[in-house]
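K.L.:
What follows is a single structure, and I will ask about it in a moment.
The values are calculated or read from the model by the stated rules, or taken from the named source; none is laboratory data. What you see is a predicted model, and the numbers here were worked out from it, not measured in a lab. Here Cβ is always computed from backbone atoms with ideal geometry, including for glycine, and neighbour counts include all displayed protein chains.
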Ligand code: GDP
């Protein structure tokens, strides 16, 4: 029934498919939980009988606990995208453009000092948190956090570059376009790849559960070795990661370069080669939907203007095409992240549900077998008892007859004696 309902969500709304998948899985696990509870109840009621072994009871209890853990886990599951690139290539601007809001600080000179994770919050007011420390920090600190974290006089603990600052942004803000956060997308902004070579710990700590990687490149220059190295490590550690490349600041290139189409072709050739041949993360056919030439600044400003937050939006010649290209990127990105998250996150839960159902079936079957054995044993005992009883009855009948005969005889003898005495 739930699966049928999920078909309402069409391919045009890939982000919603993740939520639907979560709901369907929630229903499946809810039913599974009820069934396990029922079985546990039945096993409790028949406690006096020994055909449910302690191991079988324990197995059902273990399944009940796993179900609870898995249900808690997938309520927290999300779709995760990680942004990489050199400092000032426009990572924060791109994220803000996708959120239709200036959530992250951006601008020349600002250096993201640690990983910044933007996620949706049910609260009306946003807040910050250091990794899994539950203490809420005022959102105002976001712009200053770089200094605060390295300031010895600050209340905040010192944090390394691979540490995580979580930015909880209200899902229900007046920004009706906050679709990404409303639909469980979590966005991670990284320190510039030029700042630190600690890629392995970055990947292990923050990227193993990422569904999509976006490399924000500067269209005015080529990929650096640092950028390439990072993705080479990612491709080694994760099997076939989904990588998008945004050639950002394409407005600046277009304005300054005469033979812009040639430059674009050159970039395309290099990026295709990088994704298909070096990283081997996509095919020749897929690669066309992975590389985009955009201006995040134009898109962000246009979106802020559309919401009435700024009077004027920066636009260079040819902005319309770049805006369409950005939307095209978002379409492919949403489809990719939703497919990947459903595939990797929910298929595992689905497989676990199948395993548990299989175990329950075996458990129940062996209890039924031992119950049937007991029944046939009882039946044998009953047959035996009936036979003995029948024998008894036969014996009793014989005894009764013999007794009656004897009394008859006795009575006759007494009668005769009495009569004889009488006539004497
Ligand atoms: P980050 O360090 O990668 O997060 O880069 P930021 O997002 O902070 O951007 C650095 C600077 O580049 C900011 O001043 C942005 O306004 C500017 N910028 C970002 N994207 C673009 C773009 O597409 N075109 C132009 N012209 N400037 C941009």
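K.L.:
Please report, ordered by residue number, the strands (runs of 3 or more DSSP E) entirely within segment 62-130 with at least 1 residues that are over 27 Å from residue 19 (Cα atoms), within 16 Å of the ligand (Cβ to nearest atom) and modelled with pLDDT of 90 or more.
P.N.:
none
K.L.:
Restricting attention to segment 272-303, which residues are over 18 Å from residue 91 (Cβ atoms) and within 15 Å of the ligand (Cβ to nearest atom)?
P.N.:
302, the sole residue that qualifies.
K.L.:
Moving on to the next point. Please go through segment 303-320 and give me each residue that is surrounded by 13 or more Cβ atoms within 10 Å (Cβ to Cβ) and closer than 20 Å to residue 264 by Cβ, ordered by number.
P.N.:
315, 316, 318, 319
K.L.:
Something else now. When segment 82-118 is examined, which residues are found to be more than 23 Å from residue 302 (Cα to Cα) and in contact (Cβ under 8 Å) with a residue 24 or more places away in the chain?
P.N.:
82, 84, 85, 86, 87, 111, 112, 113, 114, 115, 116, 117
K.L.:
Quickly run through segment 205-243 and pick out the residues that are farther than 24 Å from residue 163 by Cα and assigned to a strand (DSSP E or B).
P.N.:
218
K.L.:
Go through (1) within 36 Å of the chain's Cα centre (by Cα); (2) over 26 Å from residue 179 (Cβ atoms); (3) surrounded by 11 or more Cβ atoms within 10 Å (Cβ to Cβ) for residue 369 and report which single condition fails.
P.N.:
(1) is the only condition that residue 369 fails.
K.L.:
Moving on. Which residue pairs have Cβ atoms under 6 Å apart, sit 6 or more places apart or on different chains, and have a first residue in segment 238-267 that is within 22 Å of residue 86 (Cα to Cα) and more than 16 Å from the ligand (Cβ to nearest atom) and a second that is modelled with pLDDT of 90 or more and assigned to a strand (DSSP E or B)?
P.N.:
Listed pairs, sorted by first residue: 241/213; 242/212; 243/213.
K.L.:
While we're looking at this one, here's another question. Which residues, taken from segment 226-273, are within 29 Å of residue 343 (Cβ to Cβ), touching a helix residue (DSSP H, G or I) at 6+ places or on another chain (Cβ under 7 Å) and modelled with pLDDT of 90 or more?
P.N.:
Passing the criteria: 241, 242, 243, 244, 245, 246, 247, 248, 272.
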